[in-house]
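Take a look at the structure set out below.
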Amino acid sequence: MDALVQLRGIKKSYGGVKALRGVDFDIRPGEIHALLGENGAGKSTLMKVLGGDISANEGTIIVDGKTANYRGPADAKASGIQMIHQELALAPDLSVAENIYLGALPTVIKWRDLNRAAGEVLDRFGFDIGPREIVGKLPIALQQIVEIAKALSKKARIIVFDEPTAVLSGKDAERLHEIMLQLRAQGVGVVYISHRLDEVFEVADRMTVLKDGETVGTIDAKDTDVAQIISMMVGRRMSAMFPEKPETEIGHEVLRVENLGRGRKVLGVNFSVRAGEIVGLGGLVGSGRTEVAKMIFGADPIETGKVYLNGEELRLKSPHDAVRAGINLLPEDRKGEGVVIDFPIKVNSTMAMMGKITNKFGFIRHSTESRDITELTDQLTLKCGHIGDPVSTLSGGNQQKVVLAKWMFAGGELIIFDEPTRGVDVGAKSEIYGLINQMAADGKAVLVISSEHQELFGICDRILVMGNGALQGELLPPDFSDENLLHLAMASGVAEQNGANDV
Amino acid sequence: MSSKATGGTSEVIEKRPFDKAEFIEKYSTFGIFLILVVVATLWTDTFLTERNMLNVLRQVAAGTGIMAVGMLFVILTRGIDLSVGSIQALGSVLCGYYIVQLDISIWFGIPLVLLSGAACGAITGLFVAYLSLPSFVMSLAMMAMARGLSLVYSQGQPIVLGKAGAAITEFGSGRFLNVPMPVWLMAFIFIVAGITLNFTKYGRIIKAIGSNEEAVRLSGINVPRYVASVYVISGVLAATAGIIAASRTGIGSSQVGVGAELNVIAAVVIGGASLMGGRGGVINTLIGALILGVMTNLMNLAGVPGYHQQVWMGVIIAVAMLLHFSVTKIKN
Ligand SMILES: Nc1ncnc2c1ncn2[C@@H]1O[C@H](COP(=O)(O)OP(=O)(O)OP(=O)(O)O)[C@@H](O)[C@H]1O
Ligand SMILES: [Mg+2]
């Protein structure tokens with residue numbers, strides 16, 4: 001079969017960092033081609049070259065047998081190459097419909113037509129989002145879906161999905177896979193980048209693995225398995241995804257939440273977390289998990305109910321109070337809430353606990369800072385040129401590691417992780433699970449929100465399941481299974497239809 | 001500092017490579033300044049004399065220089081303070097009011113003036129920080145109020161400092177190592193500000209707030225307190241500029257600093273600070289203020305008529321902006 005697009009010998013450097021060192025890649029019509037590799041391997045960079053967002057230092061792009069010379073993303077789009085970027089590029093103050101048609105808006109907007117057209121795109125692919133909703137107010141998973149709809153609304157011969165499922169729950173991810181299969185049936189060439197290898201194996205026809213900016217190889221999916229792909233990615237075989245838990249003593253009750261509620265999003269939630277315990281918070285997107293976390297952290301106001309830390313009632317007015325009390329929250333929206341993206345890695349990493357790196361006059365002890373953060377970033381296998389470089393120069397997964405570093409450095413007593421491994425590669429994921437286990441073993445109370453069921457099953461002592469703003473039940477390790485979790489998540493019946501957009 | 005690339009075979013980069021865009025960004029303001037100085041030197045014989053240089057410095061100190069530091073802090077947090085010119089006038093008037101009319105000794109009078117400036121800044125700051133009102137509007141309100149108060153306290157008449165305020169006027173015309181005292185004061189303020197911005201927690205947080213306020217808030221930092229504080233700093237420094245104005249002319253006048261806020265903002269922006277917050281430095285701000293000072297001086301020496309001067313000022317702002325813009329372009 002002839003390739004739609006061929007990339008030949010692509011090289012790209014940023015300053016001294018060689019992101020790509022001569023990569024070959026091709027996309028055939030009617031295939032799903034997975035692009036895999038560790039964080040910072042160069043996947044997004046390669047796709048940005050394909051999409052005309054950046055230009056390569058060397059190498060050629062051959063479209064339909066002819067060498068293409070892109071001057072910008074518009075040229076690539078014109079030849080039918082659509083991108084769904086890893087980092088969302090939406091206008092938060094505009095509506096869903098406006099975002100979908102941004103760049104193609106007519107001079108005079110007919111709102112009714114625009115909303116109808118957007119509604120059709122969303123419907124056609126089975127997304128339940130109102131075209132009039134303001135994008136910035138949607139949860140991050142639905143924002144991701146708007147980003148996808150934006151690319152799907154255009155005529156495409158090639159669509160690149162750069163980690164579209166990192167924030168999606170299993171159900172939405174499955175729907176997305178159906179869409180990919182539809183596109184494949186229409187003869188579109190699909191590139192799929194993901195760190196969720198089990199998902200990749202469900203749909204991919206071929207797989208290309210990158211490592212440190214070089215191609216390790218391209219294989220047919222049917223000729224390989226997850227273990228082989230992992231060893232191609234990390235250069236060694238990995239023993240187990242979920243590390244053995246150290247001996248951990250479950251201690252006193254650290255957090256107790258009583259009848260916590262706000263509006264229609266959170267309806268009277270009760271639970272507790274003990275020292276040394278890792279408690280999961282599962283459920284569908286929009287079930288109120290993030291809202292619960294933000295209320296405990298003082299980032300959102302509490303309407304009803306009480307929060308107790310070590311038996312004492314807390315009255316938090318802001319995250320400032322929360323951090324002082326020893327509560328940490330790793331937020332799900334990395335770019336908007338997690339990092340100051342133009343600021344250095346080390347500045348971001350110490351931001352939640354600057355007391356550790358300042359003297360009593362407020363002067364920063366730069367050498368202490370560099371030493372501590374280098375230690376942390378090594379533990380997290382963060383791949384960067386220099387810890388003084390801005391976070392914006394990192395790959396997506398490595399940016400996530402900066403957010404992790406920040407909260408590990410803060411070292412609170414209760415740590416809430418909202419999607420901790422979003423976009424992180426398998427090797428690092430395993431490291432992070434090990435670190436979370438270690439935190440619990442050190443006597444911290446840990447609450448983990450995740451849309452990835454395996455993650456919850458792998459590290460949690462028990463899982464609380466939310467649906468429609470209320471706690472629907474609790475699962476203990478013997479009962480850990482997708483069916484049980486989904487059963488509880490949709491217990492209220494209407495969740496299936498409304499869960500996604502009732503936020 | 002050791003640099004390190006973890007994971008796989010990627011090489012260890014020992015030194016951060018030379019970055020063209022970063023270089024231009026750092027030194028473009030200085031470049032404009034140098035060009036301007038060369039032009040001025042060639043154009044007139046009087047420019048490069050010690051007397052004239054000190055004159056320029058003194059004008060900058062009494063004019064935009066000191067206030068530009070406060071404005072820089074505000075702009076770093078993505079705010080704007082339009083009230084500085086008015087607070088300067090109020091500072092100048094209160095100097096006379098407290099010391100001459102209320103007969104307070106200058107040891108109490110001067111701190112009182114500074115405190116009044118702080119109070120004005122605090123009012124703006126509290127509204128902006130805790131009620132999330134736009135700084136543009138709140139400082140506009142304070143601009144009107146402070147100017148009004150300066151008229152009220154002076155009853156529209158200049159207050160002559162005379163004998164009671166002799167110490168102040170002595171400061172204004174005094175010199176140390178042949179350099180005017182106000183210039184020393186300005187240098188001191190710039191040094192303190194530079195240390196604060198580059199070496200302290202406070203400076204780091206101020207810049208981060210302008211870049212991504214939500215991320216800073218969710219890091220457990222008391223953002224409103226920091227935001228409010230920059231307006232207080234700006235208010236104090238504007239009042240300081242008012243005292244210097246009074247010390248140089250010997251009168252407290254409500255007509256000081258009319259339109260000064262625009263020059264002050266111009267100095268900060270020419271210095272490469274971004275109105276979108278998070279980016280800007282003290283040294284470049286000083287150079288920005290000096291550029292405006294040298295421009296004015298040059299045009300005076302060259303006999304450019306007053307009305308034309310304004311046009312040229314606009315041109316230099318536009319040129320500086322264009323340069324900064326091209327840097328951002330290169331970067332992407
Ligand atoms: N703008 C930039 N400036 C400097 N370095 C960059 C820039 N963008 C990417 N890099 C570097 O290029 C390398 C490849 O990054 P890329 O984003 O392609 O990784 P990736 O494979 O997509 O990783 P992830 O799985 O984490 O998304 C990384 O080492 C990254 O630090
Ligand atoms: Mg990527």
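For the protein assembly as shown, a simple Cβ point-charge model (Lys and Arg +1, Asp and Glu -1, everything else neutral) yields a dipole of about 2820 debye relative to the Cα centre. Note on residue A:182 and residue A:14: the extension gain reaches 56.8 nm, defined as 0.36 nm multiplied by sequence separation minus the Cα-Cα distance.
A Förster radius of 35 Å combined with the Cβ-Cβ distance from residue A:258 to residue A:359 puts the calculated FRET efficiency at roughly 0.30. Within a straight-line Cα-Cα reach of under 22 Å, residue A:12 can be paired with the following lysines, leaving aside sequence neighbours fewer than 8 residues apart in one chain: A:43, A:48, A:66, A:77, A:211, A:383, B:4, B:15, B:20, B:329, B:331.
Each label point was placed 7 Å from the Cα along the Cα-to-Cβ direction; for residue B:50 and residue B:141 their separation is 5.2 nm.
Here is how the number arises for the protein assembly as shown: DSSP H runs of 4 or more residues each give -39500 (n - 2.57), the sum is divided by the residue count, and the result at 222 nm is -15000 deg cm²/dmol.
Sites listed here are trypsin sites (Lys or Arg not before Pro) in the stretch A:58-113 whose DSSP assignment is loop and whose Cβ has at most 16 other Cβ atoms within 10 Å: A:71, A:110. For the stretch B:310-324, list residues with backbone N below 20 Å from a point placed 7 Å from the Cα of residue B:27 toward its Cβ? The answer is B:320-324.
Length, then width, then depth: along the principal axes, the Cα atoms of the stretch A:5-234 run 50, 37, 33 Å. So for the stretch A:341-410, considering every pair of alpha-carbon atoms, how many percent are separated by more than 18 Å? Of all Cα-Cα pairs in the stretch A:341-410, 28 percent lie more than 18 Å apart. Note on residue A:242 and residue B:310: the model spin-label points, each 7 Å out from Cα along the C-beta direction, lie 7.3 nm apart. Look at the stretch A:280-292: the mean tally of other chain Cβ atoms within 10 Å of its residues' Cβ atoms is 0. In plain terms, the chain from residue A:324 to residue A:124 could stretch by 67.2 nm, reckoned as 0.36 nm per residue minus the Cα-Cα distance. Considering only the Cα atoms of the stretch B:64-145, their convex hull presents on average a projected area of 5.5 nm². Around the Cα centre of the stretch B:24-331, unit charges on the Cβ atoms of Lys, Arg, Asp and Glu (plus for the first two, minus for the last two) sum to a dipole of about 500 debye.
Can you give the net charge of the other residues whose Cβ lies under 14 Å from the Cβ of residue A:395, counting K and R as +1 and D and E as -1?
+3
Counting only other chain Cβ atoms within 10 Å of each residue's Cβ, the peptide B:221-232 averages 2.
Backbone N atoms of the stretch A:279-311 closer than 15 Å to the 7 Å Cα→Cβ label point of residue B:214 belong to residues A:290-291, A:294-295, A:299-301.
For the Cα trace of chain A, dividing Rg by the Kirkwood Rh returns an Rg/Rh value of 0.96.
Order of B:151-159, B:106-114, B:82-90 by packing, highest average Cβ count within 10 Å first?
Output ranking for B:151-159, B:106-114, B:82-90: B:82-90, B:106-114, B:151-159.
Per the 1.4 Å probe, what fraction of the accessible area of the protein assembly as shown, in percent, lies on carbon and sulfur atoms? Heavy-atom surface of the protein assembly as shown belonging to carbon and sulfur, 1.4 Å probe: 57 percent. Neighbours of residue A:335 by Cβ distance under 12 Å: Lys/Arg scored +1, Asp/Glu scored -1, total -4.
When you count the other C-beta atoms within 10 angstrom of each residue and take the mean per peptide, B:42-48, B:186-192 line up highest first as B:186-192, B:42-48. For the stretch A:223-288, applying the loop criterion from DSSP together with a ceiling of 11 other beta carbons within 10 Å to the GluC sites (Glu not before Pro) yields A:244, A:247, A:249.
Dipole size of the stretch A:341-410 about its Cα centre, with +1 on Lys/Arg Cβ and -1 on Asp/Glu Cβ: approximately 180 debye, rounded to the nearest 20.
Counting other Cβ atoms within 10 Å, which trypsin sites (Lys or Arg not before Pro) in the stretch A:180-245 have at most 13 and lie in a DSSP loop?
On the way: sites: A:184, A:196, A:206, A:211, A:222, A:236, A:237; in loops: A:196, A:236, A:237.
Filter output for the stretch A:180-245: A:236, A:237.
Averaged over the residues of A:338-344, the number of partner chain Cβ atoms lying within 10 Å of the residue Cβ comes to 6. Partners of residue A:137 within straight-line reach, counting lysines whose Cα lies under 27 Å from its Cα and excluding those fewer than 8 residues away in the same chain: A:110, A:150, A:154, A:171, A:265, A:294, A:306, A:317, A:335, A:401, A:406, B:207. Neighbours of residue A:8, meaning other residues whose beta-carbon lies under 11 angstrom from its beta-carbon, give a summed charge of -2 when Lys and Arg score +1 and Asp and Glu score -1. For chain B, pairs of C-alpha atoms spaced more than 37 angstrom apart make up 20 percent of the total.
The values are calculated or read from the model by the stated rules, or taken from the named source; none is laboratory data. All of these numbers come straight from a predicted model, not from anything done at the bench. All Cβ positions, even for glycine, are placed from backbone atoms using ideal geometry, and neighbour counts span all protein chains on display. In case anyone asks, the SASA skips ligands and DNA or RNA and just uses the protein heavy atoms, side chains included. Shrake-Rupley method; radii C 1.70, N 1.55, O 1.52, S 1.80 Å.
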